[in-house]
Amino acid sequence: MKNFILKIILWFLYRGIKVLNGRDSLVTREIKNLPENFTIKISSDIKHGKYVCFKINSGKVVKTKYADKIDLQIIFKDKNLAYRVFTGKLSIMEAYAEHCFIMQGNIYIAMGVTRILERVEGYLFPNKIRKRCLSKPFKREISMFKTYLLCLF
């Protein structure tokens with residue numbers, strides 16, 4: 001069951017990044033700072049976990065099935081840790097500090113990507129979870145409802 005939930009959450013995470021690029025100033029700025037054709041893969045487990053892979057092309061976020069070269073890979077040590085982060089029980093910054101995932105790639109760029117992930121979670125989580133999970137609360141530039149609506153369509 002967790003694998004199915006993680007698959008759905010990773011899909012919403014990717015769609016959230018895509019939707020907020022151009023609609024949220026921090027996400028847009030961080031994506032513009034990424035190199036052209038930069039590929040990111042986020043995996044829920046070291047072995048056979050669910051994953052999402054996307055690249056940045058001309059400032060746009062494009063999902064890819066397979067990539068020859070992955071520039072930044074975030075791999076959670078196990079699916080339970082990924083589940084805790086993606087359901088708001090543990091913030092992405094706490095998970096980073098507690099070494100809950102392995103990061104392969106440029107650490108400077110990785111910090112920008114973790115800021116993007118935290119920001120997207122801030123749009124997707126309800127206020128109660130959001131306050132607990134964000135390092136710095138922020139005012140949403142578009143509503144949570146509109147974010148979900150744009151993610152779905």
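Annotations for the structure displayed:
- Residues of region 19-41 satisfying the condition of being among the charged types (D, E, K, R) and either closer than 18 Å to Gln73 by Cα or without any contact (Cβ under 8 Å) to a residue 60 or more places away in the chain (or both): Arg29, Glu30, Lys32, Glu36, Lys41
- Residues being among the hydrophobic types (A, V, I, L, M, F, W, C) and within 12 Å of Met103 (Cα to Cα) - total across region 39-77: 8
- Restricting the search to strands (runs of 3 or more DSSP E) fully inside region 12-117 and requiring at least 2 residues that are under 24 Å from Leu152 (Cβ atoms) and either open to solvent by 50 Å² or more (accessible area, probe 1.4 Å) or among the β-branched types (Val, Ile, Thr) (or both) gives 38-43, 51-57, 60-63.
- Count of region 46-64 residues which are on the phi < 0 side of the Ramachandran plot and either among the polar types (S, T, N, Q) or in contact with an Asp or Glu (Cβ under 6 Å, 6 or more places away or on another chain) (or both): 2
- Residue match in region 134-153 (condition: over 20 Å from Leu26 (Cβ atoms) and assigned to a loop (DSSP other than H, G, I, E, B)): yes
The values are calculated or read from the model by the stated rules, or taken from the named source; none is laboratory data. Here the structure is a predicted model, which means the values were calculated and not measured. Note that we place each Cβ from the backbone using ideal geometry, even for glycine, and neighbour counts take in every protein chain shown. Note: accessible area is taken over every heavy atom of the protein model, side chains too, but ligands, DNA and RNA are not part of it. Shrake-Rupley method; radii C 1.70, N 1.55, O 1.52, S 1.80 Å.
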